[in-house]
Amino acid sequence: YPGAFAEQVMVPDTNLTVLADHLSFSEAALAEPAAVAVRAVEIAAGTGATADSRIVILSGGAIGVLVAQVLAARSFARPGIAETNALRRGMLDNIGIAGSYDPREETPEDGSVDLVIDCVGMGATRAAASAMARPGGVIVHVGLQDNEPGLDTRRLTLQEIGFFGAYCYRHQDFATALDLLTGGKVTGEGWTEIRPLDDGKQAFIDIDQGRAPPKIILATG
């Protein structure tokens, strides 16, 4: 029910999942966005992406980082992550799950990427994905920032590039995400920050202005 970001919330008991005793609340808090990442990777795998596919993730935000971790858990090759924020690129390099780059300064060669996972979802990233996807490649569109033009439908048609939307997750995706968190294959170490609930307003401002890691977890007590 409405009323999140409070010390207590009311939810239907059918929505509850029992957590493993050793899984911390801060790690369990990643289950929902991790489920989104699981869904995106499931769709990618279903379109023919393989362990040695060349993969680029657009955005080093929370979903992008989690997609990279889910890919690693499924033994895919190390992806590249396009991220304009220098703070986030530094974090990505430190945790070592992907090779980050600033798309304003460099970009993969046109037609060279097997799988592009767009975790931003804006006109500019759709244009970038359209250009870098190889003939017969795949774009998985996760982000929903805007609905501006950018997708090169002519190139997608002529080069038979697949375009798939990935929205939210299924019950099984959520269960898989929790299993990955419980087993330590997906973790918030190195890219999340825990702040008091009272700092919630400032947390949103810091994320919006690029002064924070990809994910801030608000905690009581």
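Computed quantities for the displayed model
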quantity	calculated
Test: Ile63 is buried (at least 17 other Cβ atoms within 10 Å of the Cβ), farther than 16 Å from Tyr169 by Cβ and either touching a helix residue (DSSP H, G or I) at 6+ places or on another chain (Cβ under 8 Å) or touching a residue at least 40 places away in the same chain (Cβ under 8 Å) (or both)	no
Some residue of the stretch 73-82 being of a type in the set (Lys, Arg) and under 17 Å from Gly190 (Cβ atoms)	yes
Residue pairs meeting the criteria (Cβ under 8 Å; at least 6 apart or on separate chains; first without any contact (Cβ under 8 Å) to a residue 60 or more places away in the chain, in the stretch 93-104; second open to solvent by 60 Å² or more (accessible area, probe 1.4 Å) and part of a loop (DSSP other than H, G, I, E, B))	Ile97/Arg78; Ala98/Arg78; Gly99/Arg78; Tyr101/Thr107; Asp102/Thr84; Pro103/Thr84; Arg104/Thr84
Of all residues making up the stretch 162-195, the number that are over 15 Å from Ala68 (Cβ atoms), of a type outside the set (A, V, I, L, M, F, W, C) and loosely packed, with under 12 Cβ neighbours inside 10 Å	2
Residue in the stretch 109-117 that is in a strand (DSSP E or B) and open to solvent by 70 Å² or more (accessible area, probe 1.4 Å) present	no
Any pair with Cβ under 8 angstrom, 6 or more apart, that starts in the stretch 194-215 at a residue that is closer than 14 Å to Gly60 by Cα and touching a residue at least 24 places away in the same chain (Cβ under 8 Å) and ends at one that is among the polar types (S, T, N, Q) and open to solvent by less than 100 Å² (accessible area, probe 1.4 Å)	Gly210/Asn85; Pro213/Thr192; Pro214/Thr192; Lys215/Thr192
Among (1) closer than 17 Å to Val120 by Cβ; (2) touching a strand residue (DSSP E or B) at 6+ places or on another chain (Cβ under 7 Å); (3) modelled with pLDDT of 95 or more; (4) not basic (Lys, Arg) - the single one Ile207 does not satisfy	(3)
Subset of the stretch 101-144 (residues that are over 21 Å from Arg78 (Cβ atoms) and either within 14 Å of the chain's Cα centre (by Cα) or not small (Gly, Ala, Ser) (or both))	Arg104, Asp110, Gly121, Met122, Arg126, Pro135, His141, Gly143, Leu144
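The values are calculated or read from the model by the stated rules, or taken from the named source; none is laboratory data. No experiment lies behind these values; they were computed from the predicted model shown. In this analysis, Cβ positions are derived from the backbone assuming ideal geometry, glycine residues included, and neighbour counts consider all displayed protein chains. Heads up: the accessible areas ignore ligands, DNA and RNA and are worked out on the full protein's heavy atoms, side chains in. Shrake-Rupley method; radii C 1.70, N 1.55, O 1.52, S 1.80 Å.
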